[in-house]
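Taken together, the values in this text are just the output of simple stated rules run on the coordinates, not laboratory data. Because the structure is predicted, anything quoted here is derived from the model rather than measured. When we count neighbours, we look across all protein chains shown, and the Cβ atoms used for this are built from the backbone with ideal geometry, even at glycine.
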Amino acid sequence: MGAVIVIGTAVVGILLASTAGQLASEFRDWTPYLTEWLINRAVRRLPTDDLRARMSEEWHEFVSDTPGHIGKVLRAAGLGVAAKRVALELSDVSLSEHMCSRALAMAALIFVGPLMMFLAIMLIWRGGGPVLEKSGKLYRFRVSDDDPLGRLMVRSNFDELPSLWNFARGDTTFRLKDVIPTLVRLLSRKPPNQPQ
Amino acid sequence: MAENIRLTHATLKVLCAIMAARGSEMSGSQVAADTGLASGSLYPILLRMERAGLLKSRWETIDPSKEGRPRRRLYKMTAAGATQTRAAMAELMPQGRASWAQ
């Protein structure tokens, strides 16, 4: 019994050692592609072409100057956060506003998540195909004007609920100073049948 | 004209690292190595300081194909940046422990 355990352990050890070597070699080969993809993904988040061109070159150098394959990948992965913060830095949105917007959007997503799931299932059931589309940077439900549900969703603005995901991710910021005038206007609007 | 901006701890770390280079230029990776800051903190600071006129930057004049690496973006302290950094450090260290702050 003892011999079986020793032989089994040795076989597993050899298998693991040979697989680890193969995996390490694969990782080394894939590092340039992976870092390139991560840098490009970060650069795409920047707001202007000039800045994208500059930071692309600068970040390629930043990553290439890092020793080790794992170090390069980790550094390239961190550039996503750098790009988000640089974009925020160049906007007139403060970090506190941005974080507040993300927190509100996450809370709203939890609250309206079941409704969004229901609407997505209804859209699949009625029309099939992808239920989301992108309008600029923001996600929205893909609705058809021929469908009564689609018309209702557009009228009620429910088709724009998926954009909460963009707010929660921090792609865009929900600003109270922009929203309050709209809310005031909507709340002060009289119902159509109310006498003037 | 340089702006007077709020200097946070991380910002001062970056400015001090570049100031300690005594007029030499530093790339982002060199500043990261000296300060230990991650790119997510470092690059917003470098860009903010450059926009505020405390730092200036230029591309390294090399041929990337010959060198086998991309050009470095080199950062250097401006006179206004040096003045603001000295003032901030003097506030933090009134005894003047930083030799370059004299």
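See the values below:
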{"quantity": "Residues with amide H under 5 Å from that of B:Leu55, placed H, sequence gap 5 or more", "calculated": "B:Glu50, B:Thr78"}
{"quantity": "Highest-MSF residue in chain A out of A:Ile121, A:Ile110, A:Ile180 [GNM, Cα springs under 10 Å]", "calculated": "A:Ile180"}
{"quantity": "Residue among B:Gly36, B:Gln84, B:Pro64 farthest towards the positive dipole end of the stretch B:9-91, charges placed on Cβ", "calculated": "B:Pro64"}
{"quantity": "Integer Hz, Karplus 6.51/-1.76/1.60 couplings in order for the stretch A:61-66, x for Gly and Pro", "calculated": "5, 4, 6, 5, 7, 8"}
{"quantity": "Largest-first principal axis extents, alpha carbons of the stretch A:2-90, Å", "calculated": "67, 21, 17"}
{"quantity": "Shape box of the protein assembly as shown [Cα atoms, principal axes, largest first, Å]", "calculated": "77, 77, 43"}
{"quantity": "Translational D in µm²/s for the stretch B:9-91 (Stokes-Einstein at 10 °C, 1.306 mPa s, Kirkwood Rh from C-alpha pairs)", "calculated": "121 µm²/s"}
{"quantity": "Vicinal HN-Hα couplings computed from phi for the stretch A:155-163 (Karplus, 6.51 cos²θ - 1.76 cosθ + 1.60; Hz; Gly/Pro x)", "calculated": "4, 8, 6, 5, 5, 9, 4, x, 5"}
{"quantity": "For the stretch A:95-188, radius of gyration divided by Kirkwood radius, i.e. Rg to Rh on alpha-carbons", "calculated": "1.00"}
{"quantity": "Lys pairs under 27 Å by Cα in the protein assembly as shown, provided they are eight or more residues apart or on distinct chains", "calculated": "19"}
